1. Condition (residue is under 27 Å from Q10 (Cα atoms), at pLDDT 90 or above, surrounded by 14 or more Cβ atoms within 10 Å (Cβ to Cβ) and hydrophobic (A, V, I, L, M, F, W, C)) applied to region 175-187: is it met by at least one residue?
2. In region 154-166, which residues are surrounded by 10 or more Cβ atoms within 10 Å (Cβ to Cβ) and either modelled with pLDDT of 95 or more or not aromatic (F, W, Y) (or both)?
3. Answer yes or no: is there a residue in region 137-150 that is charged (D, E, K, R) and either surrounded by 10 or more Cβ atoms within 10 Å (Cβ to Cβ) or over 24 Å from R210 (Cβ atoms) (or both).
4. If we keep just the residues of region 193-208 that are open to solvent by 70 Å² or more (accessible area, probe 1.4 Å) and under 14 Å from E177 (Cβ atoms), which is farthest from the chain's Cα centre (by Cα)?
5. Determine which single condition H169 fails, assuming it passes every other condition in (1) more than 30 Å from Q10 (Cα to Cα); (2) open to solvent by less than 80 Å² (accessible area, probe 1.4 Å); (3) part of a strand (DSSP E or B); (4) not acidic (D, E).
6. Considering only residues that are in a helix (DSSP H, G or I) and open to solvent by less than 70 Å² (accessible area, probe 1.4 Å), which ones fall in region 76-85?
7. Identify all residues within region 113-150 that are over 27 Å from G163 (Cβ atoms) and either part of a loop (DSSP other than H, G, I, E, B) or touching a strand residue (DSSP E or B) at 6+ places or on another chain (Cβ under 8 Å) (or both); write none if there are none.
Amino acid sequence: MNKIEKSFIQRIWDFACSLKLTIFVLIMLAATSIIGTIIQQGQSPEKYLQLYGETTFRLFETDGFFKSLSNVAQYSFEGSKEQAASRIEAVFAEKFKNTETTQRDGDLILFSEKGVWSRFGVYVTHASILIIFLGAIIGAQFGYKAWINIVEGTSSPVVWPRGASEPIHLGFEVRCEDFSVTYYEGSSRPKEFKSILSVIEDGNVVIKDRPVIVNDPLTY
């Protein structure tokens, strides 16, 4: 068999779908997660310098890094700190509701925020996960998942639940008219599984030659 030369785009696609890339990305994700877990968050720059030294501190926290963030901006004012603080308060008053001003070691610190309700997003996310788990438990207890292997040209009126010794009668028949598999060009990787199904009830064909592929199931 002659080896088919793959195009550049096909090689890139195969690389993006490869198991090696998946393992590499997972390892890098785990490594960065470990770094974020070990290094304490929310500490002052002086604390990080004391714990990790200047070299490591500059590696993770640089002025260029903070300036590149979308929510960080730097402005220059002419005049005293009080005048600058007054102008900043005026700007904050347009974008936020309230601004708190405090003095610490001769410095003026202004604090303002918006989107307070967005903090509840994490609770909504956790609640949604619990709802999914609850739905899975209810489905496992009161619903069923079943399967049946239908050879082309034949039909079946029953399905077999997992772990059950008796089939479930559907009240209608599912007939497989045809089944095919297509592959990506130049590879043995399946591109699409396609079934042509018909539904028969009381001797009448109620659904005829319905194509079924991934993410496009037959519902009856």
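The values are calculated or read from the model by the stated rules, or taken from the named source; none is laboratory data. Computed from a predicted structure; not experimentally measured. Backbone-built Cβ (ideal geometry, glycine too); neighbour counts: all protein chains shown. Only protein heavy atoms, including side chains, enter the accessible area calculation; ligands, DNA and RNA are left aside. Shrake-Rupley method; radii C 1.70, N 1.55, O 1.52, S 1.80 Å.
1. yes
2. Scanning region 154-166 gives T154, S155, S156, P157, V158, V159, P161, A164.
3. No, the conditions are met nowhere in region 137-150.
4. By that ranking, first place goes to V205.
5. So H169 meets the others, but not (2).
6. From region 76-85, those in a helix (DSSP H, G or I) are 81-85; that's our starting set.
A84, A85 - these are the residues of region 76-85 that are in a helix (DSSP H, G or I) and open to solvent by less than 70 Å² (accessible area, probe 1.4 Å).
7. Scanning region 113-150 gives E113, K114, G115.
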